[in-house]
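Down below is the structure, laid out as structure tokens.
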Amino acid sequence: MKKVFWLILIVCFFCITTTVQAKQIKKVVFTPHEPTFKHQERVTIPLRNMTNDQEFSYYVVRAEQKDGDVWKQIRSDIGCPCQAECKKGPTLLASRRTRPIHWDQKDDQCAYVKPGTYRLNVKFVAFEQPSGSFVIE
């Protein structure tokens, strides 16, 4: 009987945690204005907090390239110089605010990426929010 109780408790906790994370993701919008960027042109995507009373903190924004059905990380943190150790604190995204996220189209080795399909992925304290995908021509 105790095992059944603990099993039900664990399943309920998982369901609640998943629901809370899903609701948080819907409160942040991260979509490019344009679906295509020119090669070696700076990419800018607005990160919007749509809530009236919640602040979110994020630590890193990663660049990812689509390879078949898989997204592969090509830049560990676009907010840091490539090939550099970078320790920075969290960035606050206040309620009803928009923060532009910029990427220079360079990978971790400071080389420009090749044309293809990419996205940026924001790592918040409690969840991750990928941007919509975009193409570099």
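The values are calculated or read from the model by the stated rules, or taken from the named source; none is laboratory data. What you see is a predicted model, and the numbers here were worked out from it, not measured in a lab. In this analysis, Cβ positions are derived from the backbone assuming ideal geometry, glycine residues included, and neighbour counts consider all displayed protein chains.
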Q. Which residues, counting only those in the range 112-130, are modelled with pLDDT of 85 or more and either farther than 14 Å from Gln73 by Cβ or surrounded by fewer than 16 Cβ atoms within 10 Å (Cβ to Cβ) (or both)?
A. Tyr112, Lys114, Pro115, Gly116, Thr117, Lys123, Phe124
Q) Can you tell me which residues in the range 48-99 are touching a strand residue (DSSP E or B) at 6+ places or on another chain (Cβ under 7 Å), modelled with pLDDT under 95 and among the aliphatic types (A, V, I, L, M)? A) Met50, Val60, Val61, Ile78, Leu92, Leu93, Ala94
Q.
Restricting to the range 36-92, count the residues that are closer than 20 Å to Gln129 by Cα, surrounded by 11 or more Cβ atoms within 10 Å (Cβ to Cβ) and either free of Cβ contacts under 8 Å to residues at least 24 places away in the same chain or under 15 Å from the mean Cα position of the chain (by Cα) (or both).
A. 31
